[in-house]
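What follows is a set of notes on a single structure, which appears directly below.
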Amino acid sequence: MTGYIASEKPALTVNNLSTWFYTENGTVRAANSVNFTINRGETLGLVGESGCGKSVTARSILGLIEPPGEIVRGEIRLGSTNLLHLEASKLEKLRGRDIAMVFQDPLSSLNPVLNIGLQMVETIQAHRKTNRKEAKRQALLQLDRIGLPDPERIMRSYSFELSGGMCQRVMLAMALLLEPEVLIVDEPTTALDTTVQTQILAELKRLQRKMNMSLLLITHDMGVVAQMADKVAVMYAGSIIETAPVRKLFDHPAHPYTRALLRSIPRLGQNDLTPIEGQPPSLFNLPAGCPFLKRCPETLSSCYDYMPSLEEVSPGHFSACLTAHKVELPGVSSQ
Amino acid sequence: MSLLEVNNLVKHYTRRKSLSNKSRPAVHAVDGVSLTIDKGEVLGLVGESGCGKSTLGRLIARLEEKSNGEIYFRGKEISSIKGGSLRLLRRNFQVIFQDTSSSLNPRWKTRPIIEEPMLNFGMEKSLRQNKCDELLDLVGLDKSDAEKYPHELSGGQRQRVNIARALALEPALLVCDEPVSSLDVSIRAQVLKLLQSLQQKLQLSYLFISHDLAAVSTIATRVAVMYLGQIVEVLPAAGLEKAAAHPYTRALIEAVPMPDPHRAGALLRPAVRGEPPDSSKPPPGCRFHPRCPLAEERCRIENPVYKKIEEQHYAACHLL
């Protein structure tokens, strides 16, 4: 099997995005000069630990940053539209129709006092001029497509009557109702059992292929990324520190953090663990230099001076590490 | 003789009548579980949420009263011990929970938190202080952390405080209920490694409860797999991914997302569908049959019994 089949037309481009939060205790630089593109039909896995800025990046894309947070600079393009310069009313129209998002906690994303059917019909009618009957038909169809048994009953149910896995499928069905070009999923299966996780990820992949949809998959689970993504961006302390096609990243991780992260995950049939010592730095007033500095086993003196920028280490593979630029990576073919 | 032996343990939760005055069936959280844990052994307990694994852990630690069955600790029946003797018994069991902050008093600093169990058992002040310093060092906390409140510590550090407190009375058995699930990826490995090295250094026994099969397999000696209140398979942790015989265990293994993009695609063909049924209405016959890809007629009728697959490896499935 070769890599992914995706056209080279970017569906979503994020350029130099910085989102900061001005709090009483100082400025939190939650996302710093974030860059990535996702082509049509492609999946980008955005990985990192909690607080690394992956969710802030997603919320920035959808214009969901509220004070004290602010997008201080950058550009977010959905196709050819710059979302940051869009009027609120236009952005509202676009959200849900062209770009949609599924959050981690499905129970708090659904309204507990309205039944599922009503919420789905509302979503459709907010964007399309259809009558109730037609909207209901579309909702039923979508629930069926996502693999939920007995859609009629689900439509009549309230969120608390469904399991976490079923709620997340409902959220996914709602996000896909209007067939968006780009779907952002933020830790969609983290709260679920692995047996349910696989089912949902499988449905998501199937529908993505069918609709040729672009996917931004936010997760901390390297396993999920390996299984789902075409490209990966690794975030640490607000910055993307490495990005590469999925196989390159797992086979030849260039950044010391990515390498340490891959060594630290428990794997079946292996009982030696190599943890990363220390903790991620606080995002309040990050010092100059590389944010991974204190936990890094291979520092140079210049690591203390400035934050390295992403440099290409092999075609399509970028790493923000001063040491990575120098070493010749074994086995990486330059095409 | 095993350190701990559990025989046919049962816990049913009866529920109040619903508003429409219909009586509701009891929830069979733990339904006839037997297991043993030897000294210095780590028994991993895995299963989907709601399978009863936490209830089983709480029953063993005597935080929950059994409905039926027996628990033997060092050969002595302990499931109906009460009062002062229960209090004395408790030194031997300690629990580490998933939620690192709700298990620590937010208004207490680290030192009194760690010293409290020793105070409960009347240890002298100087002894307590020495032991506390020793424990801080043992779990990898700094001396200065002793004077901090839980909110000043990170999740990983808080879990280290929980571990230190649990070890204060030198227990024989630690019940670890999802001890690393709430932690970040890079911290998870640190705490797992700490639990691993403490176990080896102090010859501790763990009941290690988790939904994360990969994490369990790195730390456990044997793994018990639970489904709807019953244990369906017990097997040695080493080589588990190959040796597992029960269709449910196989499904759990296949559902672990492999951090290997060259083996992508396997995940996209889920081995089991659906979710576990309501534990107040367990299906007849083998409880896994409605989701089992291999189920036959007799699976729907007869209860499977345990079969010995190999030394230390038992599974309850008609097809084995």
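Any read-out appearing in this document is the output of simple, stated calculations on the displayed coordinates, not a laboratory observation. Note that the structure is a prediction, hence the values are computed from the model and not measured. Here Cβ is always computed from backbone atoms with ideal geometry, including for glycine, and neighbour counts include all displayed protein chains.
Beta bridges assigned by DSSP with both partners in chain B are antiparallel in approximately 60 percent of cases. The label point for B:R15 and the one for B:H262, both projected 7 Å from the Cα toward the Cβ, are 4.9 nm apart. With θ taken as phi - 60° and the Karplus curve 6.51 cos²θ - 1.76 cosθ + 1.60 applied, the whole-hertz 3J(HN,Hα) list for the range A:79-96 is x, 10, 8, 7, 5, 6, 9, 8, 5, 4, 5, 6, 5, 4, 5, 6, 5, x Hz, x standing for glycine and proline.
Along the range A:123-135 the Karplus relation, 6.51 cos²θ - 1.76 cosθ + 1.60 evaluated at θ = phi - 60°, assigns HN-Hα couplings of 4, 5, 5, 5, 10, 10, 7, 9, 7, 4, 5, 5, 4 Hz to successive residues, with x for each Gly and Pro. Sorted ascending by nearby beta carbons within 10 Å, beginning with the fewest, B:D31, B:D278 become B:D278, B:D31. Amide H contacts of A:I276 (H built 1.01 Å from N, in plane; Pro and chain starts excluded): B:Q190 sit under 5 Å, all sequence-distant by 5 or more or on other chains.
Per-residue 3J(HN,Hα) values for the range A:302-309, derived from phi via the Karplus relation 6.51 cos²θ - 1.76 cosθ + 1.60 with θ = phi - 60°, read 6, 4, 7, 8, 8, 6, x, 8 Hz in sequence order (x marks Gly and Pro). Taken residue by residue and averaged, Cβ atoms of other chains lying within 10 Å of the Cβ of B:271-278 number 4.
Per-residue ellipticity at 222 nm computed for the protein assembly as shown from its helices equals -9000 deg cm²/dmol, with DSSP H segments shorter than 4 residues left out and the rest contributing -39,500 (n - 2.57). All other residues whose Cβ lies under 14 angstrom from that of A:T274 are scored, Lys and Arg at +1 and Asp and Glu at -1, for a net of +4.
Take each residue of peptide A:277-284, count the partner chain Cβ atoms within 10 Å of its Cβ, and average: the result is 3. Of the trypsin sites (Lys or Arg not before Pro) in the range B:6-106, the ones in a loop by DSSP (not H, G, I, E or B) with at most 15 other beta carbons within 10 Å are B:R15, B:R16, B:K17, B:K22, B:K39, B:R74, B:K82, B:R91.
Peptides A:152-165, A:212-225, A:67-80, B:187-200 ranked from most to least packed, by the mean per-residue count of other Cβ atoms within 10 Å: A:212-225, B:187-200, A:152-165, A:67-80.
Summing charges over neighbours of B:V27, with a neighbour being any other residue whose Cβ is under 11 Å away from its Cβ, gives +2 when K and R count +1 and D and E count -1. Quick one: check the C-alpha center-to-center distance for the range A:275-296 versus the range B:138-184, whole angstrom. Their Cα centres are 22 Å away from one another. For the peptide B:236-243, the mean number of other protein chain Cβ atoms found within 10 angstrom of a residue's Cβ is 2.
Over all other residues within a Cβ to Cβ distance under 12 Å of B:A244, the charged ones net out to -2, with Lys and Arg as +1 and Asp and Glu as -1.
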